[in-house]
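The values are calculated or read from the model by the stated rules, or taken from the named source; none is laboratory data. Computed from a predicted model, the values in this text were never measured in an experiment. Cβ placement follows ideal geometry from the backbone for every residue including glycine, while neighbour counts extend to all protein chains displayed. All accessible areas refer to the heavy atoms of the entire protein, side chains included, with ligands and DNA or RNA removed. Shrake-Rupley method; radii C 1.70, N 1.55, O 1.52, S 1.80 Å.
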Amino acid sequence: MLWHITNNLDLWIHGLQNTVSLTLLGFIFGFFAAIPLAAARLSKYRALSGLAYTYIYLVRGTPLLVQIFIIYYGFGQFHKELRALGLWWFFRDAYNCGLLAFTLNSAAYQAEILRGGILAIPKGTIEAGLALGLGRFQRFRLLILPITVARMLPAFGNELVLLLKASALVSVITVRDVMGQARYLFGETFDLSVFYIAAANYLIVVLVIEAVWRRLERRNVWLAYKG
């Protein structure tokens with residue numbers, strides 16, 4: 001098994017870079033997309049709230065693999081239109097399609113995490129913001145969002161880990177992530193041990209994420225807010 005690592009180290013490094021970058025970028029972009037989505041979900045306007053709910057319900061109710069196929073193969077059927085719009089450069093790349101699928105999927109889950117955290121904000125916090133003369137956007141940016149992220153940090157960590165493990169799905173659309181490299185090497189050697197190496201790669205990254213998350217929870221003072 002070790003010779004699979006030493007003889008193909010460059011492949012494994014490249015695959016790990018793709019896996020980590022897809023996971024982190026999908027999570028980060030998904031977080032920023034989740035903020036307006038959660039706000040829409042909590043909106044008093046029923047049409048806006050309904051649209052956000054429908055999106056979240058559809059994304060969370062369908063497999064990520066199906067979403068990847070729809071974006072990669074579905075948009076590929078409109079390559080002429082996308083070329084005319086100047087967007088084909090993005091959708092012709094399997095990595096970009098995988099990243100878009102991860103972003104849209106993670107945004108739905110993170111929006112619900114944010115919504116739950118926002119609903120749990122004590123009324124006294126909002127009243128304190130009003131007493132300080134903060135506007136609605138200032139209250140959200142300076143009070144609601146930091147406290148929500150602090151309280152829901154474990155849930156965000158779980159979402160990041162789940163997204164990492166789900167990233168193996170992009171190998172089916174030819175992305176050479178960790179699983180993609182394992183599938184390639186298995187096709188060349190028919191040696192099942194390459195999947196053990198892939199599993200070890202994912203496990204190591206998960207352990208790193210958990211270590212960073214514990215450190216983040218322990219060392220940041222503002223995360224100790226109890227309400």
Inter-label distance for LEU42 and VAL66, nm, one decimal - labels placed 7 Å from Cα along Cα-to-Cβ | 3.0 nm
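What does the charge count around LEU163 come to, taking other residues whose C-beta lies under 15 Å from its C-beta (Lys +1, Arg +1, Asp -1, Glu -1)?
Numbers: positive: ARG60, LYS165; negative: GLU112, GLU159, ASP177, GLU210.
Computed value for this residue: -2.
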Can you give the Kirkwood hydrodynamic radius of the chain from its Cα pairs, in Å with one decimal?
-> 19.7 Å
List ARG176, ARG60, ordered by accessible area with a 1.4 Å probe, largest first | ARG60, ARG176
Please give the solvent-accessible surface of MET179 in Å², to the nearest 10, using a probe radius of 1.4 Å with every protein chain present.
-> 50 Å²
Can you tell me the 0 to 90 degree angle between the C-alpha axis of helix 153-166 and the longest principal axis of the chain, rounded to 10?
-> 20 degrees
Considering only LEU37, LEU100, LEU169, give the residue with the highest GNM mean-square fluctuation for the chain, with springs between Cα atoms whenever their separation is below 10 Å.
-> LEU169
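Do you know the relative contact order of segment 42-164, to the nearest whole percent, from alpha carbon pairs under 8 angstrom that are 6+ apart?
On the way: 65 pairs, mean separation 30.6, N = 123.
Relative contact order here is 25 percent.
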On the full set of protein chains, 1.4 Å probe, figure out the accessible area of ASP177 and give it in Å² to the nearest 10.
-> 0 Å²
Over the chain, calculate the relative contact order: mean separation of alpha carbon pairs under 8 Å at least 6 apart, over the residue count, as a percent.
-> 29 percent
Accessible area per residue, 1.4 Å probe, Å², for segment 66-152: what's the number?
-> 55 Å²
Rounded to 10°, Cα long-axis angle of helix 9-41 versus longest principal axis of the chain | 30 degrees
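Where does the chain land at 222 nm, in deg cm²/dmol rounded to the nearest 500, when only DSSP H runs of n ≥ 4 count, each adding -39500 (n - 2.57), divided by all residues? Walk me through the intermediate numbers first.
Working: 13 runs with 170 residues, N = 227.
Using -39500 (n - 2.57) per qualifying helix, the result is -24000 deg cm²/dmol.
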First compute the accessible area of the chain with a 1.4 Å probe, then give the percent of it belonging to carbon and sulfur atoms.
-> 67 percent
